[in-house]
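Asks: Provided herewith is a single structure, encoded as structure tokens, for subsequent inquiry.
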Amino acid sequence: MSKSTPKAPDYTAAANAQAAGSKEVTTDQTWANRPNQNTPWGQTSWQSQAAIDPSTGKPVTSWTQNTTLNPESQRSLDAELGLQAGRSELGASLLPRAQQEFGQSMDWSKFDPAGKATQAGNLQSGNLQAGNLTPEQLQRGYDTAGPNLDSSQKYSQQANDAIYNQWASRALPQQAQDTERLRTQLYNQGLKEGDAAYDDEMRKSRQSQGDAMQQAQYQATIGSGAEAQRMLGMDAATRAQLTGENKDQAGFGNQAALGQFGMMSGAGEQNFNQQAAAGNQNFQQQAAAGAQNFQQQQAQSNQQTQLRQQQIAEEMQKRGFSLNEINAIISGQQVAMPTMPGFNQATKSEGVQSLSAAQMQGQSALDAYNAKQQATQGMMSGIGSMAGGFMMSDRRFKRDIERVGTTNGGTPLYRFRYIFGGPKVIGVMADEVPHAVTKIAGISFVDYSKVN
């Protein structure tokens, strides 16, 4: 019967052994993944040397990867680098010209003025004489003069300013925020003013913002021309409506005059009708001539406005010409290193699981011990409960023995625990009550009915 639990495995030694095995596997895998590669463009090679890890002070292996091009690839790379450097230098030489073009604000005064609003001519009806009636009694003059209209140049400038200012009120603050955000991002990346990468990103940002401003000015110019033309059309329609109303009013007066003259003598009426017909014919001729003249003036005004828009568009294109040339020069193909082919890297293999093995070994030994203890306890429990009132009282099978008193007959009483487990119990020792002992398989049992 086992009296002690099995000794626990040395888990620390097992863990150290497992760590050493894992480190060895990692070292082997690292060496397997450092092949030298030879390609038609050159070679990629590895070099190793002993070094000291500054964080731990322990020796480690330091690796260096080298890429060497063959003479033809190296000449091609040098040529591409030289070409890119030449583009950058050429773009830098053109920068002062672009700065000069954008340094001055747009001079709007040098463009031809936009077309002016057209004016309809004044139409006069003929004077009619009938009896003692004066022309003022027959009808009033046909006045075609309408309200004064603003010129298309004023409409164009107002619309241009409104469109551009609306864009600027939103875009300029946003551009300022974007610039500050980009500067903060570059600072966080470790870049500062004067670094090539920093200056290149800031230049691209300014270029993008300048293009947006130029596009907004162009859209404002195009939109202002359309707005001026629309306002002129509304003015023309208003004048035409007023002219028609005056014409209808004059015709109504003529009809009233004709009715009044109808009561006159036949000769007077005939004379009046002749004068009225002649006056009406003259009025129609003046109206037709005035309408034709108005259309010609309007066409000329539209043409003049379109000419101004074209001049502005050409000026804006000229202002950005140098900048577009710089962008075309420096945005050429970037230099790229030859790509070395990939390979199937060695996968990591697992080292010896020493720690898991030690844990399983310790658990197995403990399980075997527990099973043996349970078997022994079962056997002893069966023996201890045999023969009715008999109890196993052999001193050899008891532990933690302490005397706690005496029976009425003077027999010592003890508190103890059986070696196979269970709670503490109170009883006697078999060797102290030989008259109550029975031997079973060499083990002493006490009949407590015979103990006082």
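Rule-based calculations on the coordinates, nothing more; no lab input. Here the structure is a predicted model, which is why all the values come from computation and not from measurement. For neighbour counting, all protein chains shown are included, and Cβ atoms are generated from backbone atoms with ideal geometry for every residue, glycine included.
Asks: Which value in nm describes the separation of the simple spin-label points at MET234 and MET202, placed 7 Å from the Cα toward the beta carbon?
Replies: Roughly 4.7 nm, to one decimal.
Asks: Calculated FRET efficiency, ALA291 and PHE102, Cβ-Cβ r, R0 41 Å, to nearest 0.05?
Replies: It comes out at approximately 0.30.
Asks: Can I get the semi-axes of the range 1-115's equivalent ellipsoid? Compute them from the C-alpha gyration tensor as square roots of 5 times the eigenvalues, in angstrom, largest first.
Replies: The equivalent ellipsoid of the range 1-115 has semi-axes of 69, 28, 14 Å.
Asks: Near ILE329, within a Cβ-to-Cβ distance under 11 Å, what is the net charge of the other residues, with Lys and Arg +1 and Asp and Glu -1?
Replies: Here the count lands on -1.
Asks: Let me ask another. Please find the FRET efficiency linking LYS154 to GLN174, where r is the Cβ-Cβ separation and R0 is fixed at 35 Å, and quote it to the nearest 0.05.
Replies: Rounded to the nearest 0.05, the efficiency is 0.70.
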